[in-house]
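Trainee: Here it is, the structure, as structure tokens.
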Amino acid sequence: MYPDYMLESIKKVEQTRPQRFELAKKHGKQVYPPMGEKERGDILANYHPDYKDDALREVQVGPNKGEKLTAKVSDMLESHTRIDPKKFDLNKPDHVTDVLVIGAGSAGMSAAITAAGNGSKVIIATKLRLGDSNSMMAQGGIQAADQKDDSPILHYLDIMGGGHFDNKPELVKAFVKDAPSAIKWLSDLGVMFDKNPDGSMMVKPGGGTCRSRMHSTRDYTGAGICRVLRDEVYNLPDKIKYLEYNPVVELILDDKGQAAGAITYHLGTKQYSIIKAKSVIISTGGYGRLHIRGYETTNHYGATADGLMLAYRAGVKLLYMDSVQYHPTGAIFPEQIVGFLCTEKIRTMGAQPVNKNGELFVYPLEPRDVEASSFIRESHERNLGITTPKGLRGIWLDSPLVDMINGEGAINKYLPAMHRQYARFDIDIAKYPMLVFPTLHYQNGGIEINKDAETTIPGLYVAGEATGGVHGRNRLMGNSQMDLIVFGRRSGLHASERVKKGVKFGKMSLEHVYSYEKEVDEINIDKNKIAPILLPDYIPNHVKEKQVDTEYFGTLI
Amino acid sequence: MMKSKENMVTVYIMGDAYNVPESSTIITAMEYSGFQLTTGVGCREGFCGACATIYREKGDYKLKGGLACQTVVTDGMTLAQIPFMPAEKPIYDLKELKPDINTIKELFPTIFRCVSCNTCTKACPQDIDVMDYIQALKKGNIAEAADISFDCIRCGLCALRCPAEIVQYNAATLARRLYGSYLAKKSPEVDESIEDIKAGKYDKELEELTKMDRKTLSEKYYARETKLR
């Protein structure tokens, strides 16, 4: 439960609530004027963490050399390989397959199911278990313009505007056109979308959308999708083989420069394996566990940007790696859930952000970067935030409005995960607001692909959060879930089509690892700094000092 | 990270004593003690079911179950993780199935051994009425089972404690897929939108948009009308 001093502030929130409820009844979601182009630009420049002087740093090695990237990303990319390439006889693969999928979230599993359906033999190699991913944790929804008052045109505009028009048009076009069929594909696989009594999809708006096109499965949307895909993978044992606790640590190319497989490292037995494959799909997700700028994260334990490192070392360019998504509403109290996601769906169902005096200060559904920046301004610059006993500062998300607007029990029915999360700490979010502040959420940029999800390396595909270009420099709610399915399926289809056409391998090679090592050596990087990072390191220093010869998976510095 | 000035408690991880900050969850307590976790850990936010843990609290004879990322330690707690459940999982092709009791009987015959002891429900860290959905499935009420089991994260604690050897969470997964694919009312607007796209209704305008310069596109974006439900 909240301490007394917070309850004092909550009293003020309760006092203004009836007026704000009236406002919502009158104006729907538009209880505060949305910002125009100039206001958005100003608030981002002044308050978004990406715009701080030390946010970016020129990367000194690899295909983006000389370009300013998020500093922590540059740090990671300037790392040594985990392997000694000399020790691997690439002529003796441990596994041979048509399609290798690296990572098993919703993008990877969509890719695997699609490739298998198109006749390919598939191996999934994944760091933890099948389905262990950010996909599983997504809550709010998945966007598709399939309603009568909507169109792919409007969806296109929302995506481009939300991404500050930096998105790659061919990717966005493919995205909005595929989205409704992706919903159908998922429905047919048994995903239980929320529906109205007549069967039509129950849709909500999202930050930065001009129509209500957010489909959901309560507030377990990611899990609602990901667990179905996982069950489907389990049901295809003859076509899809999966290797768990087996992160990929390097890609293998051939001497013609095509993708030819990968090397995995088993986290339990410490064995390395060589997988030979005609097509390789990277679907390793994002980088929340890099804790950029010291931020807590909503991300999965395994979100350490492994795929970025793999593709980059192999010579593929990264796109928009100067742009980080901080989700506006991360929990900051109680301390056990600091950084956890408070889904945007709470706002799409009517919750309003208010300051310590219970005053509205922003349109609740601005694009995420704008919304997050306004929370930072309110909490710190305007000093109207609430400080926790641990010294964090945030604003109230007035969740009781959800039940007032949608009827009593709405929170329980449509936001069960959120309700449960707080109930575990004796807070009923139907009665009390939630204390929130931006939290590190999503990798806006990533590995560059074309509309077929292919990279500049023939046979190397990427899908999901690991890619860059779809969302420009800021992703909207619900478009990551759709991204996973659209480009997961596209990558699976094109990877398997390539197999069908026939692939002539040259000599298997790790030459790219040698040459990248040379670049890293030239800038004198510590030998112990290696990537992919694989797992973050949360062991406290006083313990680590005594673990004299412990081998750490986590190489965070 | 947690500060070491905090009040400390003693927990017994697989029997050995460790001093950890009292606000720790089981996961952070293990990490604080020096365990670099590769199993029994996942999303760390209560969505993935990777961190099923059994524990006993000081002075209590009861064996409890919980998610390590969501359970705060107590002084004297003894714990061990259950990183994997060697549970049976029937293989099926959803398209070949009928959403009725015969499918349930064939794929999950063990559920008819349920003795209604309610141990599964008591074991569930999500507070799902597990026994109720098993009873619903026994009656062939797939919709009810799908609804009740919706928040299942497949941690496996129900199956671990079940004296009848039922793998509740796998049966629930099937129930939800049968409901989503066969029993839920159809959404014709989705099919219609797919038809429109296939027929090329938006192609010309989309093509124009992809070629539009930034300024014109920005004007079009800020001028679009917002109509939210």
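Trainee: Filter the stretch B:1-35 down to the residues that are assigned to a loop (DSSP other than H, G, I, E, B) and surrounded by 22 or more Cβ atoms within 10 Å (Cβ to Cβ) and list them by number.
Mentor: Within the stretch B:1-35, the subset assigned to a loop (DSSP other than H, G, I, E, B) is B:1-7, B:14-15, B:22-24, B:33-35.
Listed by number, the list holds a single entry, B:Ser24.
Every residue, every condition in (1) touching a strand residue (DSSP E or B) at 6+ places or on another chain (Cβ under 7 Å); (2) among the aromatic types (Phe, Trp, Tyr); (3) part of a loop (DSSP other than H, G, I, E, B), yes or no:
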| residue | (1), (2), (3) |
| --- | --- |
| B:Thr39 | no, no, yes |
| B:Phe47 | no, yes, yes |
| B:Ala50 | no, no, yes |
| B:Ala80 | yes, no, no |
| B:Pro90 | no, no, yes |
| B:Lys105 | no, no, no |
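Trainee: Hey, among the residues in the stretch A:158-179 that are under 30 Å from A:Phe340 (Cα atoms) and at the interface with chain B (Cβ under 7 Å from one of its Cβ atoms), which one's surrounded by the fewest Cβ atoms within 10 Å (Cβ to Cβ)?
Mentor: Among those residues, the one meeting the criterion is A:Phe165.
Trainee: May I ask you to say which residue of B:Thr38, B:Thr71 is open to solvent by less than 40 Å² (accessible area, probe 1.4 Å), more than 22 Å from A:Tyr422 (Cα to Cα) and facing chain A (nearest Cβ under 9 Å)? Give the steps one after another, and end with the answer.
Mentor: Values: B:Thr71 fails: more than 22 Å from A:Tyr422 (Cα to Cα).
Checking each option against the conditions leaves just B:Thr38.
Trainee: Does at least one position in the stretch A:144-155 carry a residue that is assigned to a helix (DSSP H, G or I), facing chain B (nearest Cβ under 8 Å) and buried (at least 24 other Cβ atoms within 10 Å of the Cβ)? It would help to see each step written out before you state the result.
Mentor: Within the stretch A:144-155, the subset assigned to a helix (DSSP H, G or I) is A:152-155.
Of the ones still in play, those that are also facing chain B (nearest Cβ under 8 Å) are A:152-154.
Remaining after also requiring buried (at least 24 other Cβ atoms within 10 Å of the Cβ): A:152.
Yes, the stretch A:144-155 contains at least one residue that is assigned to a helix (DSSP H, G or I), facing chain B (nearest Cβ under 8 Å) and buried (at least 24 other Cβ atoms within 10 Å of the Cβ).
Trainee: May I pose another question? Working only within the stretch B:136-161, note down all residues that are open to solvent by 10 Å² or more (accessible area, probe 1.4 Å), among the polar types (S, T, N, Q) and within 12 Å of another protein chain (Cβ to nearest Cβ).
Mentor: Matches in the stretch B:136-161: none.
Trainee: Evaluate the stretch A:476-483: report whether one residue or more is at pLDDT 95 or above, touching a Ser or Thr at 6+ places or on another chain (Cβ under 8 Å), over 13 Å from A:Thr114 (Cα atoms) and not in a loop (DSSP other than H, G, I, E, B).
Mentor: Looking through the stretch A:476-483, at least one residue is at pLDDT 95 or above, touching a Ser or Thr at 6+ places or on another chain (Cβ under 8 Å), over 13 Å from A:Thr114 (Cα atoms) and not in a loop (DSSP other than H, G, I, E, B).
Trainee: List the number of the failed condition for A:Arg293; all other conditions in (1) open to solvent by less than 40 Å² (accessible area, probe 1.4 Å); (2) part of a helix (DSSP H, G or I) hold.
Mentor: If we test A:Arg293 against (1) open to solvent by less than 40 Å² (accessible area, probe 1.4 Å); (2) part of a helix (DSSP H, G or I), just (1) comes out false.
Trainee: Here are some residues: A:Lys127, A:Lys86. Which one is within 24 Å of A:Ile530 (Cα to Cα), touching a residue at least 12 places away in the same chain (Cβ under 8 Å) and of a type in the set (Lys, Arg)? Walk me through it before giving the result.
Mentor: Values: A:Lys86 fails: touching a residue at least 12 places away in the same chain (Cβ under 8 Å).
Every option except A:Lys127 fails the conditions.
Trainee: Shifting gears a bit: Here is a check on your reading of the model: is A:Leu7 loosely packed, with under 14 Cβ neighbours inside 10 Å and of a type in the set (A, V, I, L, M, F, W, C)? Steps first, answer last, please.
Mentor: On the way: loosely packed, with under 14 Cβ neighbours inside 10 Å: yes; of a type in the set (A, V, I, L, M, F, W, C): yes.
Here the answer is yes, as A:Leu7 does meet what is asked.
Trainee: Conditions first: (1) touching a strand residue (DSSP E or B) at 6+ places or on another chain (Cβ under 6 Å); (2) within 14 Å of chain B (Cβ to nearest Cβ); (3) assigned to a helix (DSSP H, G or I); (4) buried (at least 24 other Cβ atoms within 10 Å of the Cβ). A:Ala116 passes all but one, so which condition is the exception?
Mentor: The one condition A:Ala116 does not meet is (4).
Trainee: Enumerate the pairs (first residue in the stretch A:486-497 and within 15 Å of A:Asn450 (Cβ to Cβ); second residue anywhere and among the aromatic types (Phe, Trp, Tyr) and surrounded by 23 or more Cβ atoms within 10 Å (Cβ to Cβ)) with beta-carbon separation below 9 Å, excluding pairs fewer than 6 apart on the same chain, so at least 6 apart or on different chains.
Mentor: Note: pairs meeting the criteria are A:Val486/A:Phe175; A:Phe487/A:Phe175; A:Phe487/A:Tyr461; A:Arg490/A:Tyr461; A:Ser491/A:Tyr461; A:His494/A:Tyr461; A:Ala495/A:Tyr461.
Trainee: Can you tell me which condition A:Ile525 does not meet? The list is (1) in contact with a helix residue (DSSP H, G or I) (Cβ under 9 Å, 6 or more places away or on another chain); (2) of a type in the set (Val, Ile, Thr); (3) open to solvent by less than 40 Å² (accessible area, probe 1.4 Å), and all the others hold.
Mentor: (1)
Trainee: Residues of the stretch A:235-273 being open to solvent by less than 10 Å² (accessible area, probe 1.4 Å) and either on the phi > 0 side of the Ramachandran plot or basic (Lys, Arg) (or both), which ones?
Mentor: Looking only at the stretch A:235-273, we keep the residues that are open to solvent by less than 10 Å² (accessible area, probe 1.4 Å), and these are A:240, A:247-252, A:254, A:259-265, A:267.
Once the filter is applied, which keeps residues that are open to solvent by less than 10 Å² (accessible area, probe 1.4 Å) and either on the phi > 0 side of the Ramachandran plot or basic (Lys, Arg) (or both), the stretch A:235-273 yields only A:Gly261.
Trainee: Let me ask something additional. Run down A:Thr304, A:Thr298, A:Thr329, A:Thr348 and say which single residue is β-branched (Val, Ile, Thr), within 14 Å of chain B (Cβ to nearest Cβ) and out of contact with any strand residue (DSSP E or B) (no Cβ under 9 Å at 6 or more places or on another chain).
Mentor: Details: A:Thr298 fails: out of contact with any strand residue (DSSP E or B) (no Cβ under 9 Å at 6 or more places or on another chain); A:Thr329 fails: out of contact with any strand residue (DSSP E or B) (no Cβ under 9 Å at 6 or more places or on another chain); A:Thr348 fails: out of contact with any strand residue (DSSP E or B) (no Cβ under 9 Å at 6 or more places or on another chain).
Every option except A:Thr304 fails the conditions.
Trainee: Here is a further query. State all residues of the stretch B:46-57 that are among the acidic types (Asp, Glu) and under 11 Å from the mean Cα position of the chain (by Cα); if no residue qualifies, say none. Reasoning before the result, please.
Mentor: Within the stretch B:46-57, the first condition is being among the acidic types (Asp, Glu), and the residues that meet it are B:57.
Answer for the stretch B:46-57, where residues must be among the acidic types (Asp, Glu) and under 11 Å from the mean Cα position of the chain (by Cα): there is none.
Trainee: Does the stretch A:74-101 hold any residues that are more than 23 Å from A:Gly445 (Cβ to Cβ) and of a type in the set (A, V, I, L, M, F, W, C), and which are they?
Mentor: Selection gives A:Ile83, A:Phe88, A:Leu90, A:Val96, A:Val99, A:Leu100.
Trainee: Could you please let me know if A:Gln60 is surrounded by fewer than 24 Cβ atoms within 10 Å (Cβ to Cβ), within 14 Å of chain B (Cβ to nearest Cβ), touching a residue at least 24 places away in the same chain (Cβ under 8 Å) and over 19 Å from A:Leu484 (Cα atoms)? Don't jump to the end; show me each part of the working.
Mentor: On the way: surrounded by fewer than 24 Cβ atoms within 10 Å (Cβ to Cβ): yes; within 14 Å of chain B (Cβ to nearest Cβ): no; touching a residue at least 24 places away in the same chain (Cβ under 8 Å): yes; over 19 Å from A:Leu484 (Cα atoms): yes.
Taking the combined requirement at face value, the residue does not satisfy it.
Trainee: Mind checking which residues of the stretch A:132-143 are assigned to a loop (DSSP other than H, G, I, E, B) and either more than 7 Å from chain B (Cβ to nearest Cβ) or touching a Phe, Trp or Tyr at 6+ places or on another chain (Cβ under 7 Å) (or both)? First the steps, then the outcome.
Mentor: Filtering the stretch A:132-143 for residues assigned to a loop (DSSP other than H, G, I, E, B) gives A:132-134, A:138-141.
A:Ser133, A:Asn134, A:Ala138, A:Gln139, A:Gly140, A:Gly141, listed by residue number.
Trainee: Name every residue in the stretch A:180-227 that is among the basic types (Lys, Arg), open to solvent by 20 Å² or more (accessible area, probe 1.4 Å) and more than 7 Å from chain B (Cβ to nearest Cβ), in order of residue number.
Mentor: A:Lys204
Trainee: Also, quick follow-up: If we keep just the residues of the stretch A:16-46 that are over 27 Å from A:Val402 (Cβ atoms) and in contact (Cβ under 8 Å) with a residue 40 or more places away in the chain, which is nearest to the chain's Cα centre (by Cα)?
Mentor: A:Leu44
Trainee: Let me ask another. Does A:Tyr287 qualify as being more than 22 Å from A:Met6 (Cβ to Cβ), among the aromatic types (Phe, Trp, Tyr) and more than 14 Å from chain B (Cβ to nearest Cβ)? Quick ask: steps written out before the conclusion?
Mentor: Working: more than 22 Å from A:Met6 (Cβ to Cβ): yes; among the aromatic types (Phe, Trp, Tyr): yes; more than 14 Å from chain B (Cβ to nearest Cβ): yes.
When the stated conditions are applied, A:Tyr287 passes them.
The values are calculated or read from the model by the stated rules, or taken from the named source; none is laboratory data. In this text, all values refer to a predicted model and were calculated from it rather than measured experimentally. For neighbour counting, all protein chains shown are included, and Cβ atoms are generated from backbone atoms with ideal geometry for every residue, glycine included. What goes into the accessible areas is simple: the full protein's heavy atoms, side chains included, and nothing from ligands, DNA or RNA. Shrake-Rupley method; radii C 1.70, N 1.55, O 1.52, S 1.80 Å.
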